[in-house]
Amino acid sequence: MRHLLFLILIASVSASELFAQTPTISSDGEVPQSTQTSEIAKDLSDTKKQNQELLLAKAQLATMKEFNGAILSTVHWALGGTFVLVGLLVGFGWFANFKVYERDKLAMKVELEAVLATRLSEMDSTISGKVKDLVTSETKKLVSQSYQKIENSLNSISQKLFELDRDQLKSKMKSNSSDSMALTDALSLLRICLKKSPDDVPEIIQFMLKAIDKGGMLTATEITDLNALLDLLPAHYRTLTEKLRTKLVASDIFNL
C-alpha cells in the first residue's frame, strides 16, 4: 500500500511539472494575461509539489518508525530469552555443585576412616611385637606417642568433619528462601558452633535477628532450645543475646 502511495505522489509531481509554462512578453513590453495565469499555476504547482514531498517524507518516517519498532521488539524478545537461559544455567550449576560437594564429603570421610584403620592396625602390630620383646620405659614412651598420634588424627578428622557440616549448614541457611526454615538452620548451626567455633556465633545471631525482622518464626520448642543455648554463651555476648531474646518475645510462634 505504501509503495502505491509513493508512485501516485511521484506521478503527481511529474504532471505538475508538465503543466508549468515559460512566461512570454508581448511586443509592447507587457506581460500577457496568459503568462500571469501560467505563473500563478506554476506557484500553485510548486506549492502542491512541496505538499506532496512533505507527505512522502511523513510516509517514509512512519515506515522507519515501524521498522525500528520491529527491531526493538526482536531485541526485547532476544534479551528475555537470554535472561531465562542464564537463570536456568545458574540454577543447574548450583544443583550440580551441591551434588559434587556431598559426594566429595562422603569420599573424604571414607578415605579418612580407611587411613585411620590402617594406621591403627600398623600401630597395634608394632606395639604388640615390642611388648613381647621387652617392657621398658622406651616402649611405654612409644606407646604414649602412638596413642598421641591417634588422638591427634581423630581430632583432625573430627575438626574436618565439623568444618564440612558447618559450611554446609551455613550455605543452606543463607540460601533458604523461607525465613522460618532459615531460622531453623541457624539454630542448628548455633548448636554445633557453640563450643567448636565460637567466632561464628555473632554472625549467626545477626542473621537470626534479620530473619525475624523479615517475618521468620520459630516453634515453641525451638525457642526453648535457643534460650537454653543463649544461656551458655559467655558474658561478652550479653548485648546480642538480650537483643535476640527481645525479638523472640515480640515475634509470633510458628505452629506446625
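Just a few scattered comments:
- Net charge dipole, the stretch 134-250: roughly 160 debye, given to the nearest 20, about the Cα centre with Cβ charges of +1 for Lys and Arg and -1 for Asp and Glu.
- DSSP-assigned coil residues among trypsin sites (Lys or Arg not before Pro) in the stretch 176-256, each with at most 13 further Cβ atoms within 10 Å: K214
- Neighbour counts of C-beta atoms inside 10 Å place R103, R166 in the sequence R103, R166, starting with the fewest.
- Top positive-direction residue, dipole computed over the stretch 134-250 with Cβ charges, set S146, S197, P234: S146
- Note on the stretch 161-241: Cα-only Rg and Dmax are 11.9, 33 Å.
Each reported figure results from applying straightforward, stated rules to the coordinates on display, with no laboratory input. Here the structure is a predicted model, which is why all the values come from computation and not from measurement. Methodologically, a virtual Cβ is constructed for each residue, glycine included, from the backbone with ideal geometry; neighbour enumeration extends over all protein chains shown.
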